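Participant: Starting off with a structure, shown below.
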Amino acid sequence: MADNAPEQDRNLAGQRPWDGRELPDARGHFDRLGGKFVPEALYAALAELEEAYEKALVDPDFGAELNDLRANYAGRPTPLTEAKRFSVHCGNARIVFKREDLNHTGSHKINNVLGQALLTRRMGKKRVIAETGAGQHGVATATAAALMGLECRIYMGKVDTDRQALNVARMQLLGAEVIAVESGSATLKDAMNEAMREWVATVDETHYLIGTVAGPHPFPKIVREFQRVISTEARQQFLDTYGRLPDAVCACVGGGSNALGSFADFIPDASVALYGYEAGGDGVETGRHAASINGGSVGVLHGTRTYLLQDEDGQTLESHSISAGLDYPGVGPEHSYLHDAGRATYEPVTDAEAMEAFRLLTQTEGLMPAIESAHAVAGAMRLGRRLAQTDPDARPLIMVTLSGRGDKDVRTAIRWFGLTGEVDATQGGDPVELPADRAAHAEPRPEEL
């Protein structure tokens, strides 16, 4: 392991100007955070990736192909949706959703994988590996691999393969090989460990397509820039629709890719408050959570220096969240920097708060959010009520990024809410028995999933 950041270069957070684009520095540092803590075997691959990315940025053909894929394959731009019935529960706030759930594959993850898959092809590599928690990044990666003819292997914690079985099947149907990781807590952290190990052994022919703004430089920067499209679109849409910027932007934070994409173009706008909502699990005070900033400290995880959950000896602690996509004991280094600099506020949201927001949004707007996104929805609801207490006459405009849709989480919701799958009533005579050949293909009951 190595890192080339001299201590004398580490300014105190908040002392340097910040416009959202000047960091990381050339060595991948966000002040005292970030960097490149990897085995020597990976240095050449990271340098190759950075060189390919920098050349692609100034290549009009790359930009044209990526923009065409965004518009005609992924379905961008995604719209804004004002949630008038849900807003009634949020003080005096007007809640407006940025609808990343309407992207092809059902989440914001497609924004990043299309860009990195194009880089993989430019580097002449024929194979990608990835890790996934909720399966959203895995599905997006498998989709891009299918589109571009790349071999694809996805690592996923065994616990997550069980609670996200639908997405496992989607990845397999797309032609990806899904590897269940049983070590450790068998969740996202362990999947990332295994993907890192394979990357070291197969780096010459494989690109590790990291899905969040974590990992060693240049991944945090590259993923942020491919996700920046969320805030670039949203900023202009707010000006066009409301004639002004939102008062606050809210997003859930695990590793933090959707949040950083949502924040990026608003960072220079001092009037726009930025809120990231971490997975509070059973409550930060219980120790069963995944709130790396609120319940962690600075250390090194998966090749970068950032806030993470660790014990006094620096050993990574197990995280907990009802949301597979937020069940990660670290956070991207730029979020840690934004926290240290005071530019963004990070608060924990418990499993119970997130699931109540999941229920309320589904039943007031007909929008079923991913449980990850439900953390941001719950946080925005709390923020709106708090602002109403501070200034009863204010009518704040709050943007919330719906980073994914909740189809994948129906199984978890059934268990949480104690649904049985039984109908409310019957009428019309005796039950109809399906012929044997049709019964074999009938939809399974929820308890059979």
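The values are calculated or read from the model by the stated rules, or taken from the named source; none is laboratory data. Please read all numbers here as calculations on a predicted model, not as lab measurements. FYI the Cβ positions are ideal-geometry reconstructions off the backbone, even for glycines, and counts take in every protein chain you see. To get the accessible areas, we keep the full protein, side chains included, count just its heavy atoms, and leave off ligands, DNA and RNA. Shrake-Rupley method; radii C 1.70, N 1.55, O 1.52, S 1.80 Å.
Participant: Could you pull out the residue among 72, 92 that is part of a loop (DSSP other than H, G, I, E, B) and not small (Gly, Ala, Ser)?
Facilitator: On the way: 72 fails: part of a loop (DSSP other than H, G, I, E, B).
Among 72, 92, only 92 is part of a loop (DSSP other than H, G, I, E, B) and not small (Gly, Ala, Ser).
Participant: Further question: Residue 261 - would you say it is closer than 30 Å to residue 356 by Cβ, small (Gly, Ala, Ser), modelled with pLDDT of 95 or more and assigned to a strand (DSSP E or B)?
Facilitator: No: the conditions fail for residue 261.
Participant: What strands (runs of 3 or more DSSP E) completely inside segment 144-240 contain at least 3 residues that are open to solvent by 30 Å² or more (accessible area, probe 1.4 Å)?
Facilitator: Output list reads 177-181.
Participant: Then there's this: For segment 350-364, check the following and say yes or no: at least one residue is closer than 19 Å to residue 404 by Cα and outside any helix (DSSP H, G or I).
Facilitator: Looking through segment 350-364, at least one residue is closer than 19 Å to residue 404 by Cα and outside any helix (DSSP H, G or I).
Participant: Report, ordered by the first and then the second residue, all pairs with beta carbons closer than 6 Å, sequence separation of six or more or different chains, a first member in segment 60-82 that is free of Cβ contacts under 8 Å to residues at least 40 places away in the same chain, and a second member that is open to solvent by 20 Å² or more (accessible area, probe 1.4 Å) and not charged (D, E, K, R).
Facilitator: 75/104
Participant: For residue 351, which of the numbered conditions (1) among the acidic types (Asp, Glu); (2) open to solvent by 30 Å² or more (accessible area, probe 1.4 Å); (3) more than 27 Å from residue 266 (Cβ to Cβ) fails to hold?
Facilitator: Of the numbered conditions (1) among the acidic types (Asp, Glu); (2) open to solvent by 30 Å² or more (accessible area, probe 1.4 Å); (3) more than 27 Å from residue 266 (Cβ to Cβ), the odd one out for residue 351 is (2).
Participant: Looking at (1) open to solvent by less than 40 Å² (accessible area, probe 1.4 Å); (2) at pLDDT 95 or above, which is the one condition that is false for residue 121?
Facilitator: Looking at each condition in turn, residue 121 falls short on (1).
Participant: What strands (runs of 3 or more DSSP E) lie completely within segment 280-336 and have 2 or more residues being open to solvent by 20 Å² or more (accessible area, probe 1.4 Å) and either among the basic types (Lys, Arg) or in contact (Cβ under 8 Å) with a residue 60 or more places away in the chain (or both)?
Facilitator: 297-301
Participant: Could you list all residues from segment 115-141 that are of a type in the set (A, V, I, L, M, F, W, C) and within 25 Å of residue 64 (Cα to Cα)?
Facilitator: Answer for segment 115-141, where residues must be of a type in the set (A, V, I, L, M, F, W, C) and within 25 Å of residue 64 (Cα to Cα): 117, 118, 119, 123, 128, 139, 140.
Participant: Has segment 55-78 got at least one residue that is surrounded by 18 or more Cβ atoms within 10 Å (Cβ to Cβ), at pLDDT 95 or above and in contact with a strand residue (DSSP E or B) (Cβ under 8 Å, 6 or more places away or on another chain)?
Facilitator: yes
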